[in-house]
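Below you'll find the structure, written out as structure tokens, and then a few comments.
The values are calculated or read from the model by the stated rules, or taken from the named source; none is laboratory data. Values in this document were obtained by computation on a predicted structure and should not be read as measured data. Positions of Cβ are generated from backbone atoms using ideal geometry, with glycine treated the same way; all protein chains shown enter the neighbour counts.
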Amino acid sequence: MNTSVAPVKEVKDQTVEELSVKVVECVYTEPVPPFGMDYKRYSSVTMLFRVTALVQRFIKKLKRIECENDHLINEELQEAETRWIKFVQRKHYMKDFVAVESKRPSALQKQLGLYIDDKGVMRCIGRLDNSDLLQGARRPILLPKSDRLTELIIEKAHKECMHFGVSHTLAKTRQKYWITHGRSIVKSTLRKCAICKKHEGGPYKMPPMAPLPPSRVQVSPAFSRIGLDYLGPLNIKYNEELKKVWICIFSCMITRAIHLETVQDMTSEEFLLAFKRFIAQRGTPCEVVSDNATQFKLASKVIHEAWNNITKCEDVQSYVSSLGINWHFIVD
Ligand SMILES: [Zn+2]
């Protein structure tokens, strides 16, 4: 067992209780991870074992021990895995190790039939010891529930069984390991799996729609509140020649009825003419909503200028002012 026991210096003038406290403090020293590696930085247990095996090989080379193969072999990976299992078991179950070695069974030892194998790994003996199963399943390796290595091992089993659910992943891990409170830790580990999240997650939910503005829902005459848009260009035959025209769409915001006016081009002058034709047929709207198309902005500017007495003609001024149109842009 890789535990450090400090030498006893002074035992005189000390009670049995004081001595026993000291002994316990000495035995339960924090185990050191293999080669001082930080295993919490690894995202894959395979990578962790491979890196550990490479470090092992490097140390062997420093000791001038010959390695037969250029690539890592199974025995080296097994050795690396055993190192990490022993470290994690000693980190979490040191008391049980002491209990098993001193033949003073702890509650966990009685419950799981713990014993330490010839490699120093703590295993469980269940009621399947006489079955034909592999040694890993008959005498699984004990693993703690709250450790990064356990999570990595569960993630590997989960990937090996093609991202199956909790029961399948748990059964896969139990072919080799016995994890205390296994189902809950498997469930919480699988909850973090990005691939499962992607496949099981529902579609993006639309946020609740805002209530419609008063102008859309309050009773008012048709075409009193309108939206503006353009359609086109359309090719038409005019005097045996093809010509491009656009259609200006005036849509009633309440009834959704539409009024169409053809325009020769996209200039503000043409729009104003179409707008006047619309007013002549449907009446003056009290509100106009449009997007930020340049011709609309220019048209709005023209109307605005008319309102601001730039147009000196009294007839036009009184006509435009009497329209009293509120012009809104959707996005500004
Ligand atoms: Zn998954």
Item to complete: Return only the number of the condition from (1) more than 16 Å from the ligand (Cβ to nearest atom); (2) touching a strand residue (DSSP E or B) at 6+ places or on another chain (Cβ under 8 Å) that Lys205 does not satisfy.
Response: (2)
Worksheet, complete the sentence: Of (1) in contact with a Leu (Cβ under 7 Å, 6 or more places away or on another chain); (2) surrounded by 13 or more Cβ atoms within 10 Å (Cβ to Cβ), Asn235 fails just (2)
Discussion item. Within the range 119-141, does at least one residue satisfy the condition of being at pLDDT 85 or above, in the same structural domain as Ser184 (by TED's automatic domain parsing) and more than 23 Å from Ile185 (Cα to Cα)?
Written reply: yes
Worksheet item: If we scan the range 188-204, do we find a residue that is surrounded by 11 or more Cβ atoms within 10 Å (Cβ to Cβ), assigned by TED's automatic domain parsing to the domain that holds His92, modelled with pLDDT of 90 or more and under 25 Å from Gln111 (Cβ atoms)?
Response: yes
Item to complete: Give the number of residues within the range 238-270 that are among the hydrophobic types (A, V, I, L, M, F, W, C) and within 23 Å of Pro221 (Cα to Cα).
Response: 9
Worksheet item: Taking the range 186-240, which residues are among the acidic types (Asp, Glu) and closer than 30 Å to Pro144 by Cβ?
Response: Glu200
Worksheet item: Looking only at the range 157-197, which residues are within 12 Å of the ligand (Cβ to nearest atom) and not in a helix (DSSP H, G or I)?
Response: Cys161, Met162, His163, Phe164, Gly165, Lys192, Cys193
Worksheet entry | Residue within the range 107-122 that is small (Gly, Ala, Ser), within 18 Å of Pro34 (Cβ to Cβ) and surrounded by fewer than 19 Cβ atoms within 10 Å (Cβ to Cβ) present | yes
